[in-house]
Amino acid sequence: MSAVLDWSRYSSPVTQDPLWVRRLLSGMVVLFLMLFLVLPLIFIGVQAFGKGIHVYWSALSNPDSLAAIRLTLLTALLVVPVNLVFGVCAAWAIARKEFRGKNLLITLIDLPFAVSPVISGLIFVLLFGAQGWLATWLNDWQIKIIFAVPGIVLATLFVTLPFVAKELIPIMQARGRQEEEAARVLGASGWQTFWHVTLPGIRWGLLYGVILCNARAMGEFGAVSVVSGHIRGLTNTMPLHVETLYNEYQGAAAFAVASLLVALALVTLVCKVWMERQQGEVKVEKQGKE
Amino acid sequence: MRIEVQGAIKQFGQYRALDQLDLHIPAGEMVAILGPSGCGKTTLLRIIAGLESLDHGMLCFDGVEATHTPVQERRVGFVFQHYALFGHMTIFENVAFGLRLKPRKQRPAESVIRKRVLDLLAMVQLEPVASRYPAQLSGGQRQRIAFARALAAEPRLLLLDEPFGALDARVRHDLRQWLRQMHALVPVTTLFVTHDQTEAVEVAERVVVMKQGRIEQIGTMDELHANPASPFVADFMGGANLFHGRMENGTTRIGEILLESAPFQASVADAASCSPVICIRSHDWQLGRQPNGQRTWHTVVRHLRPSGAVVRLGLESLQGAGSIDVELTREQYDKHRFQPGETVFALPTQVRIFTDAPKGSVVPN
């Protein structure tokens, strides 16, 4: 029982391309992957540990680095739950309800993907910045958003907004509402239906959306760079800290922090593969017994 | 539970699903709602369940108005065409769902729930699959689980939306028999939507025929066959030949065939001319090799289909009435043994003439 497809079932001499074509095509793919994915990863590792484990460790335990790690974790911790709730609500409304402006909502959810992250950041500067629309009001209340943590959180929130919703909308549309209707007829309230039927039905998609959202929230550079002001130890997130260190010719330190982001990416990928396998196995198991 | 629907109107955009519909279902009956797709039968069922709301009109359960009762308080069981089992729950949990949801005070003890679920699984003969998941069962098994789930919380009313629509013929037949037995065992009022008249025959005591959001006729299958209220019902029940005729000066003609010389009903005869629809069922014919009186139809045999106890003949009128389906018993057929290409004289034994007035008038010929 394996989720891997048995290709020999699908290929026969009649439908197969000549050997050299197959070799050439797969060779090109491998070459590209090596050049643009594997090699840079190895390079990061080599650079990070190039001056020894001691340098690596001191680069990470430096107070500025620790502050950057803390800020990144804090941002993700705030952003992911908000986007989780928003994503579920938006997907539910779009997949289940008919209302005016539904298409507008779908387009708006896509907006953060369509706009360059730098522009996303600038929007917040224009709104909350020193010369922004809300500047006087914010000044009166002594609220600082731009060049401070709230701005970073807002910009990240904006950039990562589509991840959960985009993941869930097609899943909920494909599932239809029959199970939910069945639950209602059996006496479930709206909330019970959501909790016992809707949510378990979309759990894998939801988890996947959350993981992607988290990866992006921790890795976002463009939008955060515009609103953060790069104050070391205060408003530098991990990606910004990498840039700062690199610009100061602290190559080993920069790569050390970068290696943490790479580790995050790898963990994300492993989670994704694990989840897909989990889902695939459930399906294979069910089909196998049918 | 007794159900009354009064003046029901439901509109979806331009499409009127229910159009001033009135219906009364006595308690304990098994009633089929029969109609072509788009006639509003599923909408009617969903409105009774509470999954849709009425635009106008009233719905009563046992004489108590339930038009605005929320769906979860109606205590109905609903079986969907595509089962709608909860994929992430075991079969046991699926059936137990309705019981576990009850408010804490009404909720039975875990041991009671367990016993009830296992009893229901025994009733649908699927006890061994209690710990499996829906995707591991066949379609027929899933639908039986859906029945068990619908019955678990002791509904006052069972609603079935084309419950056998997604199953193959053999399984369908078995499940219909099973449904009848189950209804005898648990005599809960059951409404059951189908577009298949043979299904309605096999399962229901009474049949409601719907057309374009209205009820066309209600009756037992026999009544609908013997006395259809309209050409639509006659056609939909099957086994009927419909002809378009002309009525002039009190006589009705199909092509060159003279049907009836005397005016048959005063109200209809008032109109000097109209275009009636004539219905002659396929087993209401006498065939012979000699003409039998003035009203004999001249036809030629086009094809022949012996099927079990009956033989179906496709005749074509030589007098411009079009094609005619005739069903003879094997015995009747063996007397003559008509062959394709042969000229045959056909005499209708019972003719119904439908004018624009809703009631058909039976004319003994």
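Remark on the protein assembly as shown: hydrodynamic radius 31.6 angstrom, per the Kirkwood mean of 1/r across alpha carbon pairs.
Spin-label model, B:Asp222/A:Phe86: points 7 Å from Cα along the beta carbon direction are separated by 6.9 nm. Evaluate E = 1/(1 + (r/R0)^6) for B:Leu185 and A:Arg177, where r is the Cβ-Cβ distance and R0 equals 45 Å; express this FRET efficiency to the nearest 0.05. Here the calculated transfer efficiency is 0.90.
R0 = 51 Å: FRET efficiency of A:Leu199 with B:Glu331, Cβ-based, nearest 0.05? The calculated FRET efficiency here is 0.20. Fully extending the segment from B:Glu65 to B:His24 would add 13.4 nm, taking 0.36 nm per residue of separation and subtracting the current Cα-Cα distance.
Charged side chains reduced to their Cβ positions (Lys and Arg at +1, Asp and Glu at -1) give the stretch B:121-239 a dipole of some 400 debye around its Cα centre. Among the protein heavy atoms, those of B:Glu331 account for about 150 Å² of accessible surface (1.4 Å probe, every chain in place). Taking a ≥ b ≥ c as the square roots of the eigenvalues of the Cα gyration tensor of chain A, is the shape rounded (a/c under 1.5), prolate (a/b larger than b/c) or oblate? In terms of gyration-tensor shape, oblate. Charge dipole (Cα centre; +1 on Lys/Arg Cβ, -1 on Asp/Glu Cβ; no other charges) of the stretch A:141-290 amounts to roughly 160 debye. Measuring heavy-atom accessible area with a 1.4 angstrom probe and counting protein chains only, the residues of the stretch A:177-206 that give up at least 40 Å² relative to the chain alone are A:Gln178, A:Glu179, A:Glu181, A:Ala182, A:Arg184, A:Val185, A:Leu186, A:His196. Working note: 222 nm ellipticity from helices only, DSSP H runs with n ≥ 4, each -39,500 (n - 2.57), summed and divided by the residues of the protein assembly as shown, gives -14500 deg cm²/dmol to the nearest 500. Of the solvent-accessible surface of the stretch A:191-286, computed with a 1.4 Å probe over protein heavy atoms with every protein chain present, carbon and sulfur atoms account for 66 percent. Projecting the Cα atoms of A:Thr72, A:Leu199, A:Val14 onto the charge dipole of chain A (Cβ charges, centred on the Cα centre) puts A:Val14 farthest toward the positive pole.
Specify whether the C-alpha gyration tensor of the stretch B:297-338 places it in the rounded, prolate or oblate class, a ≥ b ≥ c being the square roots of the eigenvalues: rounded for a/c under 1.5, otherwise prolate if a/b is larger than b/c and oblate if not. If you can, show how the numbers build up before the last one.
Values: a/c = 2.76, a/b = 2.01, b/c = 1.37.
It comes out prolate by the Cα gyration axes.
Directionally averaged projected area (chain B, Cα convex hull): 22.4 nm².
Dipole orientation for the protein assembly as shown: of the candidates A:Leu264, A:Thr136, B:Leu99, A:Leu264 has the Cα lying most toward the positive pole (charges on Cβ; Lys, Arg +1; Asp, Glu -1).
Projecting the Cα positions of B:Phe192, B:Leu120, B:Ala130 onto the charge dipole of chain B (unit charges on Cβ atoms of Lys, Arg, Asp and Glu, taken about the Cα centre) puts B:Ala130 furthest along the positive direction. Take the accessible area of chain B alone and of chain A alone, subtract that of the pair, and you get about 2100 Å² summed over both chains, using a 1.4 Å probe. On chain B, 48 percent of the accessible area sits on carbon and sulfur atoms, based on a 1.4 Å probe. Averaging 1/r over every pair of different alpha carbons in the stretch A:62-114 and inverting the result gives a Kirkwood radius of 13.4 Å.
Annotation: aspartates and glutamates with alpha-carbon distance below 15 angstrom to B:Lys335 (same-chain offsets under eight excluded): B:Glu327. Under the criterion of Cα pairs below 8 Å and six or more residues apart, the relative contact order for the stretch A:75-232 equals 40 percent. Calculated accessible area for the stretch B:280-363 comes out at 53 Å² per residue, all protein chains present (probe 1.4 Å; ligands, DNA, RNA ignored). Straight-line cross-link partners of A:Lys272 among the aspartates and glutamates, defined as a Cα under 17 Å from its Cα and at least 8 positions apart when in the same chain: A:Glu167, A:Glu281. Around the amide H of B:Glu216, modelled in the peptide plane, lie the amide H atoms of B:Val209, B:Met210, B:Lys211, all under 5 Å away and 5 or more residues distant in sequence or on another chain. Computed on the Cα trace of the stretch B:219-258, the radius of gyration divided by the Kirkwood hydrodynamic radius gives Rg/Rh = 1.11. Taking 18 Å as the straight-line reach from the Cα of B:Lys115, the aspartates and glutamates in range (excluding those fewer than 8 positions away in the same chain) are B:Glu93, B:Glu127, B:Glu154. If the limit is 25 Å between Cα atoms, which of A:Lys102/B:Lys211; A:Lys102/A:Lys166; A:Lys102/B:Lys102 go over it? Cα-Cα > 25 Å for A:Lys102/B:Lys211; A:Lys102/B:Lys102; rest within.
The values are calculated or read from the model by the stated rules, or taken from the named source; none is laboratory data. These figures come from a predicted structure and were not determined experimentally. Because the Cβ atoms are built from the backbone with ideal geometry, glycine has one as well, and the counts that use them run over all protein chains shown. To get the accessible areas, we keep the full protein, side chains included, count just its heavy atoms, and leave off ligands, DNA and RNA. Shrake-Rupley method; radii C 1.70, N 1.55, O 1.52, S 1.80 Å.
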